[in-house]
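Notes to accompany the following structure.
The values are calculated or read from the model by the stated rules, or taken from the named source; none is laboratory data. Keep in mind it's a predicted model, so treat the numbers as computed, not measured. So basically every Cβ, Gly included, is an ideal-geometry build from the backbone, and we count neighbours across all protein chains shown.
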Amino acid sequence: MASGIRDKVAIVGMGCSRFGERWDCGADDLMLEAFNEAAADAGVGVPQIEAAWLGVCLEENNVGKTAGPLAQALRLPRIAATRVENACATGTEALRGAAYAVAAGAYDIVLALGVEKLKDTGYGGLPVRTRGVANDLWLPNATAPGAFAQLASAYAAKNGVSMPDLKRAMAHVSVKSHANGAINPKAHLRNRITEADVLKAPPVADPLGLYDCCGVSDGAACAILTTPEIARSLKPDAGVITIKALEVSVSNGDEAGFNRWDGAHIATAREAGKRAYASAAITDPRRQIGMAEVHDCFSITELVLMEDLGFSASGRALYDVLDGVFDRGSALPVQPDGGLKCFGHPIGASGLRMVYEIYLQLRGRAGERQLSGIDLGLTQNLGGHPHQNVCAVSIVGLLGA
Amino acid sequence: MNSPKPGYGILASARYVPRLRLSRGEILAQHRWMAPALRTLAKGCRSVASWDEDSVTMAVEAGRLLQRAVPDASIKDLTLASTTLPFAERLNAGIVAAALGLAPTVAVRDVASSARAALGELAAALKYPDGQAGGRLLLAAERRIPRPASSQEMIYGDGAAGVVVGTGSPIATIVAARGAHADLVDHFRETGREHEYGWEERWVRDAGYLGIAADTIRQCLADSGADARDITHFSMPAPLPRVNEAVAKRVGIAPDAVVSTEHETTGDFGCAQPLAMLDAALRGAAPGALLLVATFGSGCDVLLLRRTEQPCSGSIPGAGKVESSYMKYLSFTGQVDLEWGMRSEMDNKTALTAAWRDHARAARFEGGRCDRCGSVQFPRARLCVNPDCRAQDSQTAVSLSDKPARVLSHTSDFLAYTPNPPFQFGHVDFEEGGRVLMEFTDTDHDELRVGLPLRMVYRVKDFDRKRGFRRYFWKATPVREG
């Protein structure tokens, strides 16, 4: 009988490059920047790493196929390496592959690294691309903001709220993330903004304006995983940080093609969240989770996720957001590092970047952003569009929490 | 001449006009500096196809109107007439037939090359009944692109029209028909060229219209024994201003019998224009009325019809929406190459193997209805989408193209590339089941809202400019009155 992953895998070191428009860096530079930090943190060198997982999403825009680019960038000594891809949830997928290998007892020390070099396209936003030869015959070639903007129209209609009220709550989400990003030295966007800035920004995909959209960034993040026992021996003076839950849920066409989904929430987030809470023995997420890093690709995404993850009651996220329930200084800060919105969104790295912030907070190394009393944090990483996606939820905390 | 069999004739007629109507004042405003004489033509609006409409899609819309008008007419052949067919090789009528859901056994063909393309076909179909059951569908559509600042840019419009001919309860029957071919080249357009080249209008009027056309009309009247003064509806396109009135006068048809060319609201639809004007005439004619339709172009075709007591079914085109941007028209017609940004560079190559494998999906908007749980779903799949069912190979084909639907969610996306920004799309729920993420078309910026009633139209989805291909799919458009 499977017993899950809770406390079977420890994170012994993490690293994250500075995110942003890294014009002067290639993917190999970004990978090395993240890895050097993690290796120094863990006290582990390349020779001790037995296997590696590379997460990169739009490989045609940067590194190309296979895990070879990671092996070359770090000069890994011909160890096993696997490339994974699950759209914008790729980073968590790399972590998941590595974590399960340790949990299975196949390896003692492994590396999960995510990278994306996006700023070589010549234009803003994510690259346009085919949806596959059969889908291209009928499926609209939607942009990400266009796909996520759908949530706003359906959410407002479902809950009977006016679009100006919803826009104001969405603006609060972005203002909060900019305030957090401003005190994060690795963040892509470090400017503070006001609600008025958000509301008067140029439209991108109605009702989303420029400040409702996250940054498109270059960056890399990584984690070195091992067993709790080895983690304790490597870092006897630090607490052991373990994975409590690592769940993935994938849409099967139900939301997109069956007349039941309301268009106003992320069905996979509910599913993955429910399983993660069961795995981590969490019964009251709003009280038990100390912080969360969710997939705030767009302001409306973060807002609806507050309900999907059980932080807000159905239909209440708008009011909770406006009440500051998820602001810094509250009992449940969301995106204390600035999130995708301001830390940035180098796709393959983002899931690991979320875990990185929890890791820093648990270690007490978050600097100006340091929260108090954090022993459990949640990440939620979303790949695809609201109606058809991959959703990963992880819960990370101190051993024993 | 052949006597038509009892009950053989035109069973239905229809015309389709694109929603956009370009203000001629705007056309004039752009050209006044070099072509002030255009002022005499600059009244009202002309219809323009949207970026995603062509002769195939407009013919499909006319065909759908006719299918609704005579749902019982079992169509046995389809003729598509146009001088602006999108494909020189690939049966254009076959694209239309598939979108209309016509059986593979239906005979389909394209006819082209002159303003007479459609009327000549109609005359032949009426003159020579084949004695077989089943309706004959004739569709004509035109999307010509005259040179900027030409008279034709003012006079022409984009649109389609069609008829169903067969045995049943006709709205009109043939009295006589006459044709004459003549290689009098009033204008020409080489294959592959966008713009036409024409000769002096006074000569075309005198030698062509008042000569060849008037003679052919007289011969048709003589064949029938009818007198020109008996004609109550004279439908003749006027690609030269008021040339139809001049012909009427020359042959003795009363001025008040001249059917409007709809110059001020739509413009001239080329080979579809005689059918469009006939449609208007049929709807206005009393039982027993004599209708004359004539078209000049590389000769002349003339058709004399008698209106029956059978009412005309179906609706007439709505007023459309006035478009005031001439630059948008130039861009829609590919006459100006605007800076669309790198997002427009995406390669829209179509995998023709996949296109054939999923042909019914795109052509007919074909989904499936699960025989076990009744769920309608798109695309049709091996396993039912209903998570409580999951039946395998349980689905019967069902087309969503005529099913009413509503907006579940929507956006107007200014980031995505589209020839007509913003890119509007959203989840669409069909009232009998089925949900599809779809593009909206012919939609105003502020028009979309959750719950808005929608209907489906067949449009160009993407152009592959690199290879000269285009793919079609269905889009959702708001249900509007009129």
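When the residues of the stretch A:256-300 are narrowed to those that are of a type in the set (Asp, Glu) and surrounded by fewer than 24 Cβ atoms within 10 Å (Cβ to Cβ), which ends up nearest to the other protein chains (Cβ to nearest Cβ)? Steps first, answer last, please.
Let us first name the residues in the stretch A:256-300 that are of a type in the set (Asp, Glu), namely A:262, A:271, A:284, A:293, A:296.
Keeping just the survivors that are surrounded by fewer than 24 Cβ atoms within 10 Å (Cβ to Cβ) gives A:262, A:271, A:284.
Numbers: A:ASP262: 8, A:GLU271: 12, A:ASP284: 28 Å.
Once the filter is applied, the top-ranked residue is A:ASP262.
What's the number of the only condition in (1) crowded, with 24+ Cβ neighbours inside 10 Å; (2) within 14 Å of chain B (Cβ to nearest Cβ); (3) not β-branched (Val, Ile, Thr) that A:GLY114 fails to meet?
Among (1) crowded, with 24+ Cβ neighbours inside 10 Å; (2) within 14 Å of chain B (Cβ to nearest Cβ); (3) not β-branched (Val, Ile, Thr), A:GLY114 violates only (2).
How do the pairs read when you match residues in the stretch B:124-150 that are more than 30 Å from B:SER169 (Cβ to Cβ) and at pLDDT 95 or above with residues anywhere that are among the hydroxyl-bearing types (Ser, Thr, Tyr) and in a loop (DSSP other than H, G, I, E, B), using Cβ under 6 Å and keeping only pairs 6 or more apart or on different chains?
If the second residue must be among the hydroxyl-bearing types (Ser, Thr, Tyr) and in a loop (DSSP other than H, G, I, E, B), the pairs left are B:ARG143/B:THR84; B:ARG144/B:THR84; B:ILE145/B:THR333.
In contact with a Ser or Thr (Cβ under 6 Å, 6 or more places away or on another chain), acidic (Asp, Glu) and at pLDDT 95 or above: which single residue out of B:GLU61, B:GLU26, B:GLU89 fits that description? Full working, then the answer.
Details: B:GLU61 fails: in contact with a Ser or Thr (Cβ under 6 Å, 6 or more places away or on another chain); B:GLU89 fails: in contact with a Ser or Thr (Cβ under 6 Å, 6 or more places away or on another chain).
The conditions single out B:GLU26.
Answer with yes or no whether B:SER324 is assigned by TED's automatic domain parsing to the domain that holds B:GLN219, surrounded by fewer than 18 Cβ atoms within 10 Å (Cβ to Cβ), more than 30 Å from B:SER394 (Cα to Cα) and in contact with a strand residue (DSSP E or B) (Cβ under 8 Å, 6 or more places away or on another chain). Spell out the reasoning first.
On the way: assigned by TED's automatic domain parsing to the domain that holds B:GLN219: yes; surrounded by fewer than 18 Cβ atoms within 10 Å (Cβ to Cβ): yes; more than 30 Å from B:SER394 (Cα to Cα): yes; in contact with a strand residue (DSSP E or B) (Cβ under 8 Å, 6 or more places away or on another chain): yes.
Yes: the conditions hold for B:SER324.
Can you name the residue in the stretch B:408-453 that is under 24 Å from the mean Cα position of the chain (by Cα) and facing chain A (nearest Cβ under 7 Å) and is also surrounded by the fewest Cβ atoms within 10 Å (Cβ to Cβ) among such residues?
Here the answer is B:GLU439.
Determine, yes or no, whether B:THR266 is crowded, with 21+ Cβ neighbours inside 10 Å, outside any helix (DSSP H, G or I) and among the polar types (S, T, N, Q). Break it down stepwise before answering.
Working: crowded, with 21+ Cβ neighbours inside 10 Å: yes; outside any helix (DSSP H, G or I): yes; among the polar types (S, T, N, Q): yes.
Spelling it out, B:THR266 is indeed crowded, with 21+ Cβ neighbours inside 10 Å, outside any helix (DSSP H, G or I) and among the polar types (S, T, N, Q).
Can you find a residue that is surrounded by fewer than 22 Cβ atoms within 10 Å (Cβ to Cβ) and within 19 Å of A:GLY273 (Cβ to Cβ) anywhere in the stretch A:238-248?
Looking for residues that are surrounded by fewer than 22 Cβ atoms within 10 Å (Cβ to Cβ) and within 19 Å of A:GLY273 (Cβ to Cβ), one finds at least one in the stretch A:238-248, hence yes.
Within the stretch A:329-352, does at least one residue satisfy the condition of being assigned to a helix (DSSP H, G or I), touching a residue at least 60 places away in the same chain (Cβ under 8 Å) and on the phi > 0 side of the Ramachandran plot?
Initially, the stretch A:329-352 is screened for residues assigned to a helix (DSSP H, G or I), giving A:339-342, A:347-352.
In the following step, the residues that additionally are touching a residue at least 60 places away in the same chain (Cβ under 8 Å) were identified as A:339-342, A:347-352.
Then drop every residue that is not on the phi > 0 side of the Ramachandran plot, which leaves A:339.
The answer is yes; a qualifying residue exists.
Name every residue in the stretch A:210-231 that is in contact (Cβ under 8 Å) with a residue 60 or more places away in the chain, surrounded by fewer than 24 Cβ atoms within 10 Å (Cβ to Cβ) and in a helix (DSSP H, G or I), in order of residue number.
Hits for the stretch A:210-231 are A:PRO228, A:ILE230.
Go through the stretch B:188-238 and give me each residue that's in contact with a strand residue (DSSP E or B) (Cβ under 8 Å, 6 or more places away or on another chain), surrounded by fewer than 17 Cβ atoms within 10 Å (Cβ to Cβ) and outside any helix (DSSP H, G or I).
Within the stretch B:188-238, B:PHE188, B:TYR197, B:TRP199 qualify.
Picking from A:ILE109, A:ILE183, which residue would you name as being more than 20 Å from A:GLY344 (Cβ to Cβ) and away from every other protein chain (no Cβ under 11 Å)? Break it down stepwise before answering.
Values: A:ILE183 fails: more than 20 Å from A:GLY344 (Cβ to Cβ).
Result of the check over A:ILE109, A:ILE183: A:ILE109.
Can you run down the residue pairs with Cβ atoms below 7 Å, 6 or more apart or on separate chains, where the first is in the stretch A:131-160 and without any contact (Cβ under 8 Å) to a residue 60 or more places away in the chain and the partner is assigned to a loop (DSSP other than H, G, I, E, B) and basic (Lys, Arg)?
These pairs meet every condition: A:LEU139/A:ARG131; A:ASN141/A:ARG131.
Can you tell me which residue among B:LEU292, B:LEU275, B:LEU282 is more than 14 Å from every other protein chain (Cβ to nearest Cβ) and part of a strand (DSSP E or B)? Explain how you work it out, then say what you get.
Numbers: B:LEU275 fails: part of a strand (DSSP E or B); B:LEU282 fails: part of a strand (DSSP E or B).
Step by step, each of B:LEU292, B:LEU275, B:LEU282 is checked, and only B:LEU292 is more than 14 Å from every other protein chain (Cβ to nearest Cβ) and part of a strand (DSSP E or B).
Please state which one of A:GLY339, A:GLY310 is buried (at least 24 other Cβ atoms within 10 Å of the Cβ), within 18 Å of the chain's Cα centre (by Cα) and not hydrophobic (A, V, I, L, M, F, W, C).
Values: A:GLY310 fails: buried (at least 24 other Cβ atoms within 10 Å of the Cβ).
Just a single option satisfies the conditions, and that option is A:GLY339.
With the condition kept exactly as written, say whether any residue in the stretch B:241-249 is assigned to a loop (DSSP other than H, G, I, E, B) and closer than 24 Å to B:GLY157 by Cα. Give the steps one after another, and end with the answer.
Step one: list which residues in the stretch B:241-249 are assigned to a loop (DSSP other than H, G, I, E, B), which gives B:241-242.
Going one step further and asking which of them are closer than 24 Å to B:GLY157 by Cα, we end up with B:241-242.
Within the stretch B:241-249 (the criterion being assigned to a loop (DSSP other than H, G, I, E, B) and closer than 24 Å to B:GLY157 by Cα), the answer is yes, since at least one residue qualifies.
For the stretch A:155-174, name all the residues that are within 13 Å of chain B (Cβ to nearest Cβ) and surrounded by fewer than 24 Cβ atoms within 10 Å (Cβ to Cβ).
The answer is A:ALA156, A:ALA157, A:LYS158, A:ASN159, A:GLY160, A:VAL161, A:SER162, A:MET163, A:LEU166.
Go through A:ILE183, A:ILE193 for me and flag whichever is outside the structural domain of A:GLU21 (by TED's automatic domain parsing), over 22 Å from A:GLY125 (Cα atoms), of a type in the set (A, V, I, L, M) and not in a helix (DSSP H, G or I). Reasoning before the result, please.
Numbers: A:ILE193 fails: over 22 Å from A:GLY125 (Cα atoms).
Exactly one residue qualifies, and that residue is A:ILE183.
Of the residues A:GLY55, A:GLY20, A:GLY91, which single one is assigned by TED's automatic domain parsing to the domain that holds A:THR227, of a type outside the set (Lys, Arg), buried (at least 24 other Cβ atoms within 10 Å of the Cβ) and farther than 18 Å from A:THR242 by Cα? Steps first, please.
Working: A:GLY20 fails: buried (at least 24 other Cβ atoms within 10 Å of the Cβ); A:GLY91 fails: farther than 18 Å from A:THR242 by Cα.
Of the residues listed, the single one that is assigned by TED's automatic domain parsing to the domain that holds A:THR227, of a type outside the set (Lys, Arg), buried (at least 24 other Cβ atoms within 10 Å of the Cβ) and farther than 18 Å from A:THR242 by Cα is A:GLY55.
Just to be sure, is A:ASN86 touching a strand residue (DSSP E or B) at 6+ places or on another chain (Cβ under 7 Å), under 19 Å from B:MET342 (Cβ atoms) and more than 14 Å from chain B (Cβ to nearest Cβ)? Even if it seems obvious, please write down each step before you answer.
Working: touching a strand residue (DSSP E or B) at 6+ places or on another chain (Cβ under 7 Å): yes; under 19 Å from B:MET342 (Cβ atoms): no; more than 14 Å from chain B (Cβ to nearest Cβ): yes.
Judged against the criteria, A:ASN86 is not a match.
Looking at B:ALA351 and the list (1) in contact with a strand residue (DSSP E or B) (Cβ under 8 Å, 6 or more places away or on another chain); (2) closer than 30 Å to B:PRO104 by Cα; (3) modelled with pLDDT of 95 or more, which single condition is not satisfied?
Evaluating B:ALA351 over (1) in contact with a strand residue (DSSP E or B) (Cβ under 8 Å, 6 or more places away or on another chain); (2) closer than 30 Å to B:PRO104 by Cα; (3) modelled with pLDDT of 95 or more leaves (1) as the failure.
Which number in (1) in contact with a Lys or Arg (Cβ under 8 Å, 6 or more places away or on another chain); (2) surrounded by fewer than 21 Cβ atoms within 10 Å (Cβ to Cβ); (3) more than 11 Å from every other protein chain (Cβ to nearest Cβ) marks the one condition that B:ARG382 misses?
Unmet condition: (1).
Could you check how many residues of the stretch A:360-401 are buried (at least 24 other Cβ atoms within 10 Å of the Cβ) and in a helix (DSSP H, G or I)?
So in the stretch A:360-401, the residues buried (at least 24 other Cβ atoms within 10 Å of the Cβ) come out as A:361-362, A:377-383, A:386-387, A:389, A:391-397.
Applying the additional criterion that residues be in a helix (DSSP H, G or I) yields A:361-362.
Total satisfying the criteria: 2.
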